[in-house]
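To keep things clear, I will list the structure first and then write my remarks on it.
The values are calculated or read from the model by the stated rules, or taken from the named source; none is laboratory data. Predicted model only: the values in this text are computed from it and were never measured. Because the Cβ atoms are built from the backbone with ideal geometry, glycine has one as well, and the counts that use them run over all protein chains shown. Accessible surface areas use protein heavy atoms only, side chains included; no ligands, DNA or RNA. Shrake-Rupley method; radii C 1.70, N 1.55, O 1.52, S 1.80 Å.
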Amino acid sequence: MSAVLMPIYFVEDPITEVEKDKAVRSWRMIASGQAVEFYRLKKADPINTPCSTPMEFFGNRFILRFLEVHPIAAPMFNKTSMKQGTLFFRMVAFTIAALDDDAKFDSQFVTLAKSHNRMSIRAVEYGIFGECLFWTLKLTLGPEYDAITHMGWVKIFSRVLKAMIPVAIEYELENKEALRTRVTCRYRALSSILDKQALIRRPEATTSVSEDALSFTAHSLHHKA
């Protein structure tokens, strides 16, 4: 069952030393403020690149990208995008730090998956997370994020998926009704957010969207999710 829900980029091949070294090096460039591409972007377009460090930029752009491609997750973010991005940054930092300790790596991500189960995060959403991770790394690192570096990250995150997705699937199978209710609440919450945004853009509007419109929004997002 878990194999069916693995994203298309998932691989079983072990990571090579060269791939691991390049992936680790790329992360250290971001964490230490040495990502040259970030400073190039900031100089070229300072208004749309208000972040002061590569780390802040990575966290900010990651969360924006995640919500762009997976808007149904929006109601789950009750903190500022910067703070939430920092949490993702710490998760990736731990991933890098635990690469050489298989037992610690697997145990930590199994525990993380169990905590995410309580937030109704579905197995399929972890694959989306990985896609956004690769996208943000490429954006932040530019040419430094080459094919070898990318494959290193693909293999690293494949290990994460291998630990987390079976835990998520087991929870989903055992809690179908409860999960369905929570996910439905997420759709409704997102519809409410979209409704408020529409009213802000059209201050003359005095009525909320119709039930048919809400149903259409939820139906459309369901097929995108």
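Some observations on this one:
- For the residues Ile96, Ile30, a 1.4 Å probe over the protein chains yields an accessible-area ranking, largest first, of Ile96, Ile30.
- The solvent-accessible area of Met151, taken with every protein chain present and a 1.4 Å probe, is close to 70 Å².
- Each of Cys51, Met29, Ile128 was scored by the projection of its Cα onto the charge dipole of segment 1-137, and the greatest displacement toward the positive side belongs to Cys51; charges sit on the C-beta of Lys, Arg, Asp and Glu.
- Largest-first ordering by accessible area, 1.4 Å probe, given options Arg180, Arg188: Arg188, Arg180
- Lys42 sits among other residues whose Cβ lies under 15 Å from its own Cβ, and their net charge, with Lys and Arg +1 and Asp and Glu -1, is 0.
- Positive minus negative residues near Thr16 (Lys, Arg vs Asp, Glu; Cβ under 12 Å): -1
- Listed values for segment 89-105 are Karplus-derived 3J(HN,Hα) couplings in whole Hz (6.51 cos²θ - 1.76 cosθ + 1.60, θ = phi - 60°), namely 4, 5, 4, 5, 4, 5, 4, 5, 5, 9, 4, 8, 10, 4, 5, 5, 4, and x replaces Gly and Pro.
- Of the listed residues Leu112, Leu173, the order by accessible area with a 1.4 Å probe, largest first, is Leu173, Leu112.
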